[in-house]
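Asks: Below: one structure in structure tokens.
The values are calculated or read from the model by the stated rules, or taken from the named source; none is laboratory data. Owing to the predicted nature of the structure, the values given are computational and were not obtained by experimental measurement. We place every Cβ from the backbone using ideal geometry, glycine too, and count neighbours over all the protein chains shown. Keep in mind that these areas ignore ligands, DNA and RNA; they rest on the heavy atoms of the full protein, side chains included. Shrake-Rupley method; radii C 1.70, N 1.55, O 1.52, S 1.80 Å.
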Amino acid sequence: MSYSVHRGRHLLNTPGPTNVPERVLQAMVRNPMDLSDPVPLAVIESCFQDIKKIFKTEHEIFMYASNGHGAWEAALVNTMSPGDLLLVPELGNFSTGWGEMAEALQMRTETIKGDWRQAIDPEKIRERLAADTSHEIKGLLIVQTDTATSVTCDIPAIRKAIDEAGHPALLLVDTIPTLAVTDFRMDEWGVDVAVTASQKGLMMPPGLGFVAASPKALEAHKKATSQRRYWDWSLRLASESYRTFCGTSPQSQLYGLRAALDMLLEEGLENVFARHKRLATATHRCVEHWGKAGAMELNAIHAAQRADGVTTILLNEGIDGAKIRDVCRDEMQCALGGGLRNLSGRAFRIGHMGDMNEALLYGALASVEATLSYLDVPYEPGGVTKAIDYLVAERKKNRDG
Ligand SMILES: *Cc1c(COP(=O)(O)O)cnc(C)c1O
């Protein structure tokens, strides 16, 4: 007997890349066109307008043929100079990674130590900024949700802390796994630079990076002396698409983006957020039930800080998270995220962001439950039933008003 040939769909429950809807895939299957053809130009123009609705901003948008790391770099080199000091509250692998990138770009960083299970208290940020009377700190690098830990931080509370300290530092926010997943309001929340990428909530393949910049960030840009060319905002602030993209535009990606934006705007952002919140809550109910056997728990301690797009499951010492992930992907046909950096081997992650519905989530949760059983990991059976109970109750509430 052999299980080596796989039939049916392979489930993708990684917290990026995420599933791409057929409508987006179809929109991308198109030959490249002349760069000055009105067809791609109109798509580009409308994408620049409509992505603003997703960031909830009236400010400037820059798009790059890049992943999230490219957008990170664009945000840093356009607003900072070598030697500038950045404050980086520690939320997990990605806050640390963005700080490391700043160091590699000759900036200096200072972290506020975190425990990878909860967000940094905004009061600590306020204190540090208030102590910086010479305004040496030029910016804060904040990851809205650290996808490694599934901890989400409160951006308005951080803005308030900066304002209370009366500090002029720029607020730079990574919304890579949160844009079109969790509420984000660039202008209302006073965010100076927001960064995202295409392959998470935006439901596209990897390959597009986005940076939104406030007028204050554009002012800082004029004085920032970091070396840059491809990323340079000044060169890209042009009406001609060849300059906007610093060369040929990624046309197929943009056709895909157009379709994805249409889908998000048709659903309505409030509905998009509520859908993610429901799927996340169902996942939490399931994991909390499995955890009654004492071998695993939700990594994010505080319910209010738990991410809507991904759930990190922390395992007891001696349980191999990498093995769970490998078996779930290779044998059960459901791809999960692994534990990163400090959590390497000690966790696995269930992604539930983007083009995700209840059936796909049930598939993932049942695949994980099967994997736990197969590997003899202690778990309380029936987690999937808890997810069903919750989602059905929500549906009934909605049906019965
Ligand atoms: C996915 C992710 C990134 C990295 O994005 P890439 O496209 O892989 O470069 C950065 N930050 C966060 C919070 C992420 O979730």
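Asks: When only C-alpha pairs under 8 Å and at least 6 residues apart count, what is the relative contact order of the stretch 22-266, in percent? All intermediate terms of the calculation are to be shown ahead of the outcome.
Replies: On the way: 472 pairs, mean separation 73.0, N = 245.
Dividing the mean separation by the residue count of the stretch 22-266 yields 30 percent.
Asks: If packing is taken as the average count of other Cβ atoms within 10 Å, what order do 216-223, 266-273, 331-338 fall into, highest mean first?
Replies: Per-residue mean Cβ counts within 10 Å order the peptides as 331-338, 216-223, 266-273.
Asks: Based on the Cβ-Cβ distance from Ser36 to Asn271, what FRET efficiency comes out when R0 is 30 Å, to the nearest 0.05? Mind dumping the intermediate values first?
Replies: Numbers: r = 38 Å, r/R0 = 1.26.
Approximately 0.20, to the nearest 0.05.
Asks: Provide the FRET efficiency to the nearest 0.05 for the Glu127-Ala303 pair, computing r from the beta carbons and using R0 = 35 Å. Working shown, then result.
Replies: Working: r = 26 Å, r/R0 = 0.74.
It comes to 0.85.
Asks: Any chance you could run the full-extension gain for Ser4 through Asn342? It's 0.36 nm times the residue separation minus the Cα-Cα distance, nm to one decimal. All intermediate terms of the calculation are to be shown ahead of the outcome.
Replies: Details: separation 338, 0.36 × 338 = 121.68 nm, distance 3.35 nm.
Contour length minus Cα-Cα distance gives 118.3 nm.
Asks: Here's another thing I want to ask about it. Within a Cβ distance under 15 Å of Ile176, other residues only, what is the Lys/Arg minus Asp/Glu net charge?
Replies: Details: positive: Lys200, Arg349; negative: Glu73, Asp146, Asp174, Asp308.
Taking every Cβ under 15 Å from that of Ile176, the sum is -2.
Asks: In addition: Assuming 0.36 nm per residue, please report the length gained on full extension of the stretch Ser81 to Asn357 beyond their Cα-Cα distance.
Replies: Working: separation 276, 0.36 × 276 = 99.36 nm, distance 4.39 nm.
Taking Ser81 through Asn357 to full extension adds about 95.0 nm, to one decimal.
Asks: With 24 Å as the limit, write out which pairs from Lys292/Lys323; Lys277/Lys386; Lys200/Lys277; Lys160/Lys222; Lys52/Lys200; Lys277/Lys396 have Cα-Cα distances beyond it, or answer none.
Replies: Working: Lys292/Lys323 21 Å; Lys277/Lys386 16 Å; Lys200/Lys277 15 Å; Lys160/Lys222 26 Å; Lys52/Lys200 17 Å; Lys277/Lys396 17 Å.
Table pairs above 24 Å Cα-Cα are Lys160/Lys222.
Asks: What relative contact order, as a whole-number percentage, does the stretch 268-400 give when Cα pairs under 8 Å and 6 or more residues apart are counted?
Replies: Working: 201 pairs, mean separation 41.2, N = 133.
For the stretch 268-400, the relative contact order is 31 percent.
Asks: Counting DSSP beta bridges in the chain, what percent are antiparallel, to the nearest 5? Please report the intermediate quantities before stating the final value.
Replies: Numbers: 23 of 41 bridges.
Approximately 55 percent, going by the DSSP bridge assignments.
Asks: Considering only the other residues whose Cβ falls under 11 Å of the Cβ of Asn13, what net charge follows from Lys and Arg at +1 and Asp and Glu at -1? Walk me through the intermediate numbers first.
Replies: Working: positive: Arg325, Arg329, Arg349; negative: none.
Neighbourhood net charge equals +3.
Asks: Counting only the heavy atoms of the protein chains, how much of Lys53 is accessible to a 1.4 Å probe, in Å² to the nearest 10?
Replies: My reading of the accessible area for Lys53 is about 110 Å².
Asks: Would you work out the relative contact order for the stretch 320-392, in percent, from Cα pairs under 8 angstrom that are 6 or more residues apart? Write out the running numbers ahead of the final one.
Replies: On the way: 74 pairs, mean separation 19.9, N = 73.
The value is 27 percent.
Asks: On to the next question. Measure nothing fancy, just the Cα-based angle from helix 358-374's long axis to the longest principal axis of the chain, in degrees from 0 to 90, nearest 10.
Replies: 60 degrees
Asks: A further question on this structure: Between the stretch 248-277 and the stretch 179-231, what is the separation of their alpha carbon centroids in Å?
Replies: Each part's Cα centre sits 16 Å from the other's.
Asks: Cβ under 11 Å from Ser150's Cβ, Ser150 left aside: what net charge do those residues give with Lys, Arg +1 and Asp, Glu -1?
Replies: Cβ neighbours under 11 Å give a net charge of +1.
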